[in-house]
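Structure record follows, encoded as structure tokens.
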Amino acid sequence: MIRVLIVDDHQILRRGLKEVLAEGYSDLIVGEAQNFDEAVEMLVQEDWNLLLLDINIPGRNGLEVLQEAKRLRPKTAVLIVSAYPEVEFAIRSFKLGASGYLCKSQAAEELLGAVKRILGGRKYVTAALADRLASILGGEPPPAHENLSSRELQVLQLIASGSTVKQIASHLTLSEKTLATYRTRISDKLGLRTNVELARYTFLHKLVE
């Protein structure tokens with residue numbers, strides 16, 4: 001029996017992932033969640049073999065779900081399935097405990113192979129990510145945004161989307177004072193000051209869908 005929890009806010013995507021999984025596993029149980037709170041509730045209530053997780057979900061993002069999942073269910077393997085480019089987000093995900101990273105555009109062809117590899121106790125790494133890891137090991141400096149925390153990265157993405165301070169604070173359930181602190185940290189780490197500069201950096205490095 002394979003128990004898989006899918007966390008994604010798009011119902012059609014969840015349905016598609018279930019259909020692909022069903023092609024490879026007849027003894028499959030699938031749970032679904034569309035945001036941080038639902039995901040945590042299901043992780044608390046039940047044990048899962050695998051968590052399929054999107055990064056861009058409402059409220060607290062998928063990277064925070066990943067952190068909480070590894071705290072609550074450290075033996076549950078996690079495969080990130082996201083529209084964000086893997087070169088920019090996979091290394092961060094692996095550092096937080098993920099076992100693999102798969103772009104949604106490749107999910108139909110690669111999902112079963114990735115899942116079987118991960119459930120077999122191994123990591124799933126694509127050729128593009130392997131090249132990136134080789135560059136890092138070779139001494140190539142990482143981009144500045146890799147020094148951002150998961151919450152700082154989320155704030156940066158929301159700034160780039162054009163959201164106001166009030167909207168971001170409400171979305172993340174933060175005070176505007178706390179948000180201002182995050183904004184200052186982001187500017188210091190990236191060496192950028194204006195929202196226009198931050199947005200340009202974000203789009204240049206494909207940090208938003």
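Things worth noting here:
- Net lengthening on full extension, A127/K206 (0.36 nm per residue, minus Cα-Cα): 26.6 nm
- As computed over region 71-209, the Cα convex hull volume per residue (Å³): 130
- Here region 160-202 and region 88-158 have alpha carbon centers that stand 24 Å from each other.
- Trypsin sites (Lys or Arg not before Pro) restricted to DSSP loop in region 150-209 with at most 16 other C-beta within 10 Å: R193, K206
- Stretch gain in nm, segment S187-I12, where the contour uses 0.36 nm per residue and the Cα spacing is subtracted: 59.3 nm
- Carbon/sulfur fraction of accessible area - the chain, other protein chains in place, 1.4 Å, %: 52
- The Cα-based radius of gyration and maximum Cα-Cα distance (Dmax) for region 60-150 are 13.1, 35 Å.
The values are calculated or read from the model by the stated rules, or taken from the named source; none is laboratory data. Every value quoted in this text rests on a predicted model; they were computed, and no experiment measured them. Every residue, glycine as well, gets a Cβ built from its backbone with ideal geometry; the counts of neighbours run over all protein chains shown. Quick note on the areas: whole protein, heavy atoms, side chains included, nothing else; ligands and nucleic acids left out. Shrake-Rupley method; radii C 1.70, N 1.55, O 1.52, S 1.80 Å.
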